Amino acid sequence: MNAVVYVSKGGNTKKLADAVAKGAEVKAQSAASAVNLTQTDILFIGGSIYCGRMSGVLRKFLQNLDQKQAAKAVVFGTSASGKTIRAEVTSILESKGIPVVAESFHCKGSFLCVNSGRPNADDLAQAEEFAKRVCKGGV
Ligand SMILES: Cc1cc2nc3c(=O)[nH]c(=O)nc-3n(C[C@H](O)[C@H](O)[C@H](O)COP(=O)(O)O)c2cc1C
């Protein structure tokens with residue numbers, strides 16, 4: 001069983017999470033609500049950058065994860081600049097013995113007057129394809 005867990009303050013990463021979940025044939029779950037995670041084969045983790053870092057809610061979710069809950073993790077997300085949460089996620093999860101797959105999926109997210117309309121339909125289609133490829137073992 002795979003799972004998609006994300007945090008999205010403004011909705012951009014939620015769009016990506018829903019596309020990733022479609023590709024993985026599961027339902028995306030917000031880490032801001034109760035998350036139902038049993039023994040997950042691939043845990044997709046989605047988040048954004050706020051003032052240079054991932055959200056505190058996502059950090060807390062990752063810190064509370066147990067190694068038994070995920071065989072491996074895959075990161076995705078949005079940001080205004082292109083900066084990603086991958087390094088922060090990897091640092092927390094690998095300290096718990098949960099490996100993070102080298103390939104991840106990120107796209108620009110709208111913020112104030114930049115990146116208007118992102119993620120767009122093309123970003124969402126690519127995110128869905130990425131998730132399908134990961135689930136088929138191609139990543
Ligand atoms: C309070 C705040 C701080 C932000 N700080 C950064 C930042 O430091 N670097 C960056 O690239 N984007 C920054 N952004 C832009 C977000 O990363 C971008 O809009 C992202 O797509 C938001 O995702 P969300 O809608 O899922 O919350 C910031 C956005 C907000 C609201």
(request) Round to the nearest 10 and give me the degree value, 0 to 90, for the angle of helix 121-135's Cα axis relative to the longest principal axis of the chain. (result) 10 degrees
(message) Which one, Ala28, Ala127, Ala102, has the greatest fluctuation when you compute a Gaussian network model over the chain with C-alpha springs under 10 angstrom?
(response) Ala102
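Tally the DSSP beta bridges in the chain and give the antiparallel ones as a percent, rounded to 5.
On the way: 2 of 22 bridges.
Here the antiparallel bridges make up roughly 10 percent for the chain.
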(message) Just the number please: accessible area per residue for segment 3-135, 1.4 Å probe, all protein chains included, in Å².
(response) 49 Å²
(request) Please figure out what share of the DSSP beta bridges in segment 1-80 is antiparallel and state it in percent, rounded to the nearest 5. (result) 5 percent
(message) Tell me the carbon and sulfur percent of the accessible area for the chain, rounded to whole percent, probe radius 1.4 Å.
(response) 51 percent
(request) Among DSSP beta bridges lying fully in segment 39-99, give the percent that are antiparallel, nearest 5. (result) 10 percent
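Take peptides 131-139, 75-83 and line them up by average Cβ neighbours within 10 Å, highest first, as a rough protection proxy. Present the calculation step by step, with values, prior to reporting the outcome.
On the way: 131-139: 15.7, 75-83: 20.9.
Result, highest mean Cβ count within 10 Å first: 75-83, 131-139.
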(request) Using 0.36 nm per residue of separation minus the Cα-Cα distance, give me the extension gain between Ala125 and Thr38 in nm, one decimal. (result) 28.5 nm
(message) 7 Å from Cα along Cα→Cβ at both Val101 and Gln67: what's the point-to-point distance in nm?
(response) 2.2 nm
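The values are calculated or read from the model by the stated rules, or taken from the named source; none is laboratory data. Note that the coordinates shown come from a computational prediction; the quantities given were computed from them, not determined experimentally. Cβ sites come from the backbone with ideal geometry, for glycine too, and all protein chains shown count toward neighbours. Heads up: the accessible areas ignore ligands, DNA and RNA and are worked out on the full protein's heavy atoms, side chains in. Shrake-Rupley method; radii C 1.70, N 1.55, O 1.52, S 1.80 Å.
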